[in-house]
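This report refers to the structure that appears directly beneath it.
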Amino acid sequence: MSTVTTAPAIDPDALTAEIGGDSTAATWAKLSIQPVIVLLVLGGFAIWKSTASFDSIEARQLAWGNILNRTVEHIQLSVAATVVVLAVAIPLGVLLTRRGMRRAAPFFVGIANIGQAAPAVGLVILLVLLIALGFWTTVLALFLFGLLPALRNTIVGLQQVDQRLVEAARGMGMTGWATLFRVELPLAVPIILAGARTALVLLVGTAAFGALVDAGGLGGLIVTGIKLTRPSVLVSGGLLVASLALIIDWLGRVVEEVARPKGV
């Protein structure tokens, strides 16, 4: 008499949860690499700074208080420019994907492309000649430089939404605004956030030019290192700007992961 054995039943929900859990763990494991590398670099910088001997100029420029003040100035410049970029790029991107405005999209993207194609340092100096030295002139230059990725990703993100879902939402009686906020924008969020992160990282790196026009920031260390021929100050400034950009990039990736709608 033969016995019939059956394979254990597989619960699809449990399998999906298991796969999703592994995928989530792998994603967060990848995300943890970047801050660890930045912390190791900054730890090496702190050890070098505490053991190296500096002259009076180097010691003043590389004092922790001065580095902290310049870092705060750099973050203020970058955040102010990013807020202006997102406040303009996202509503404009939404508008340019609406019926009746789509033909104007290449024109506005072309203008934004000119802003990014221009050399950042030239843009900063040109605006200083037209306006004045200072914080807000640098923010305007950074806005022109960082507008393109946020605008382009907003347009592309909305254009890639499955039109069958849009039509289905309208067929259910949703208004245009309801369809935009409940269907289109949630599905476009990953691409829009990627554009915002790209713009922010660009602005953090470019904000170093603000030191040339009296806007402060970590670029001041680079400018001082070049003017006074102090390689230690120059390299420290570059290292700190790069580390700050990597930290901002990591924070942006974390926000993307957290804000990403489930299943997208």
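Listed by position, the helices (runs of 4 or more DSSP H) inside segment 118-228 whose residues that are crowded, with 23+ Cβ neighbours inside 10 Å number at least 3 are 135-159, 185-206, 219-227.
Conditions (1) more than 23 Å from residue 250 (Cβ to Cβ); (2) out of contact with any strand residue (DSSP E or B) (no Cβ under 8 Å at 6 or more places or on another chain); (3) at pLDDT 90 or above; (4) of a type in the set (Gly, Ala, Ser), marked per residue:
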residue	(1), (2), (3), (4)
124	yes, yes, no, no
137	yes, yes, yes, no
185	yes, yes, yes, no
196	no, yes, yes, yes
204	no, yes, yes, no
219	no, yes, yes, yes
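The condition of being farther than 30 Å from residue 233 by Cα and out of contact with any Lys or Arg (no Cβ under 7 Å at 6 or more places or on another chain) does not hold for residue 67.
Of the candidates 90, 114, the single residue that is part of a helix (DSSP H, G or I), free of Cβ contacts under 8 Å to residues at least 40 places away in the same chain and closer than 21 Å to residue 197 by Cα is 114. More than 21 Å from the chain's Cα centre (by Cα) and modelled with pLDDT under 90: does that describe residue 212? Spelling it out, residue 212 is indeed more than 21 Å from the chain's Cα centre (by Cα) and modelled with pLDDT under 90. Set side by side, the residues 54, 45 differ, and just one is open to solvent by 50 Å² or more (accessible area, probe 1.4 Å) and touching a residue at least 12 places away in the same chain (Cβ under 8 Å), which is 54. For segment 101-121, the count of residues that are farther than 19 Å from residue 208 by Cα and charged (D, E, K, R) is nonzero. Here 235, 255, 264 are screened, and the one residue that is open to solvent by 30 Å² or more (accessible area, probe 1.4 Å), at pLDDT below 90, hydrophobic (A, V, I, L, M, F, W, C) and closer than 21 Å to residue 39 by Cα is 255.
Scanning segment 131-162 for residues that are farther than 12 Å from residue 192 by Cα and touching a residue at least 60 places away in the same chain (Cβ under 8 Å) returns 133, 134, 135, 137, 138, 139, 141, 142, 143, 145, 146, 147.
The values are calculated or read from the model by the stated rules, or taken from the named source; none is laboratory data. As the structure is a prediction and not an experimental result, all values here were calculated from the model. Quick reminder, even Gly has a Cβ in these numbers, built from the backbone with ideal geometry, and neighbours come from all protein chains shown. Note: accessible area is taken over every heavy atom of the protein model, side chains too, but ligands, DNA and RNA are not part of it. Shrake-Rupley method; radii C 1.70, N 1.55, O 1.52, S 1.80 Å.
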